[in-house]
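Input: a single structure, listed below in structure tokens.
Throughout, read-outs are computed from the coordinates displayed, never taken from laboratory work. On a predicted model such as this, the values are computed, not experimentally measured, just so you know. Quick reminder, even Gly has a Cβ in these numbers, built from the backbone with ideal geometry, and neighbours come from all protein chains shown.
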Amino acid sequence: MDDRDRRLLARLQEGLPLSPRPYQAIAEALGDFTEAEVIERAERLREEGLIRRMTGFFRSEALGYHSTLCAMRVDAADIDQMAALLEKIPGVTHNYLRDHAYNMWFTLTARDRAEVSRILRAIEQTGLTDGILQMDRKRSYKIHASFTLE
Amino acid sequence: MILTHEHIQLIRLLQEEFPLCERPFAALAERLGTSEARVLALTGQLQEAGMLKRISAVLYHTRVGYRVNAMVVWDVPEDRLDEAAHAVVPLKQLTHCYARTRSAAFDYNFYTMLHEHSEDDMAALIRRMEVLIHPVKYLALKTDRELKKVGMKYFIE
């Protein structure tokens with residue numbers, strides 16, 4: 001990865017303009033790139049496994065969905081089974097093991113609060129956890145992952 | 001703005017891999033059986049309505065050096081939350097910052113997702129944030145293992 005890649009990656013994380021040739025617009029914004037170079041470099045960075053993909057990011061609440069953060073205690077012996085269950089639930093987008101008594105933390109997005117509750121009750125019914133904490137969002141101050149590469 | 005079937009069909013495509021070609025909106029238009037201009041107009045509506053944040057690159061952040069990830073939660077008096085957020089939001093290592101509901105079992109209300117290059121850097125970052133936030137207490141919940149990380153798919157039920 002060279003300096004031109006770094007500059008391009010930084011710009012690509014900011015968001016494409018909504019114009020017919022957005023990569024051309026990015027080339028112009030960067031100043032010393034052509035449209036073709038933007039596309040070729042981005043494609044190569046994707047092949048090399050640095051860029052997962054280009055995609056649209058949405059606000060779940062604005063789309064009418066309800067999102068929450070949950071935490072639960074899972075015995076070491078049950079972790080794989082619980083992880084496999086959460087893997088199958090489409091609304092569970094993130095699941096992490098953390099260094100705490102509440103050791104499994106996951107985000108859950110569903111069509112509404114009732115659906116979120118239904119899913120959590122179903123997870124509890126497996127008997128693999130003694131209860132799920134739900135930490136609803138009250139306010140979002142920053143939701144933007146943008147990584148600076150040195 | 002009312003979401004129409006046109007918007008929903010477009011959302012279903014926009015949340016997948018966005019094309020890397022000269023005219024990506026035209027490519028989407030072809031799949032939707034409509035015009036490039038219509039796709040651009042609909043995408044603009046979604047953005048203006050605050051539903052679409054942006055179209056951008058997703059990186060494998062662990063492959064670009066940010067190997068240490070932690071969720072650090074803070075106990076901050078309600079009337080100081082905005083001030084605390086204002087102080088730390090500019091930090092590039094902080095990617096997500098929320099106020100959340102407290103519970104008896106977990107007495108924290110301010111949540112920050114942090115990414116750093118090394119354990120030492122992460123420790124230094126947390127110390128710096130403690131000074132900026134001045135919490136009653138805080139807890140650093142290091143990631144032991146990432147079990148799942150996928151993008152949410154809307155309107156595919």
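Annotations for the structure displayed:
- Qualifying GluC sites (Glu not before Pro) in segment A:18-96, DSSP loop, other Cβ atoms within 10 Å at most 13: A:Glu48
- Applying the Kirkwood pairwise sum to the alpha-carbon positions of chain A produces a hydrodynamic radius of 18.4 angstrom.
- Taking Cβ atoms as reference points and 12 Å as the exclusive limit, the residues near A:Gln81 contribute a net charge of -3, counting Lys and Arg as +1 and Asp and Glu as -1.
- Take the Cα of B:Ile156, step 7 Å toward its Cβ, do the same at A:Asp136, and the gap between the two points is 2.7 nm.
- With the simple model of a label 7 Å out from the Cα in the direction of the Cβ, A:Leu30 to B:Val89 spans 3.0 nm.
- Going from the fewest other Cβ atoms within 10 Å to the most, the residues B:Arg127, A:Arg118 appear in the order B:Arg127, A:Arg118.
- Which listed pairs, of A:Lys88/B:Lys53; A:Lys88/A:Lys138; B:Lys53/B:Lys142; A:Lys142/B:Lys153; A:Lys142/B:Lys92, have C-alpha distances above 19 Å, in listed order: A:Lys88/B:Lys53; A:Lys88/A:Lys138; B:Lys53/B:Lys142; A:Lys142/B:Lys153
- Counting Cβ atoms of other protein chains within 10 Å of each residue's Cβ and taking the mean over peptide B:42-55 gives 5.
- Placing a pseudo-label 7 Å from each Cα along the Cα-to-Cβ vector at B:Arg38 and B:Tyr60 gives an inter-label distance of 3.8 nm.
- For a label point 7 Å along the Cα-to-beta-carbon line of A:Asp78, residues of segment A:104-121 with backbone N under 17 Å: A:104-106, A:119-121
- Tail beyond 36 Å, pair distance distribution of the protein assembly as shown (Cα, percent): 22 percent
- Qualifying trypsin sites (Lys or Arg not before Pro) in segment B:65-126, where qualification requires a DSSP coil assignment and no more than 10 other C-beta atoms within 10 Å, comprise B:Lys92.
- For A:15-28, mean number of other protein chain Cβ atoms within 10 Å: 4
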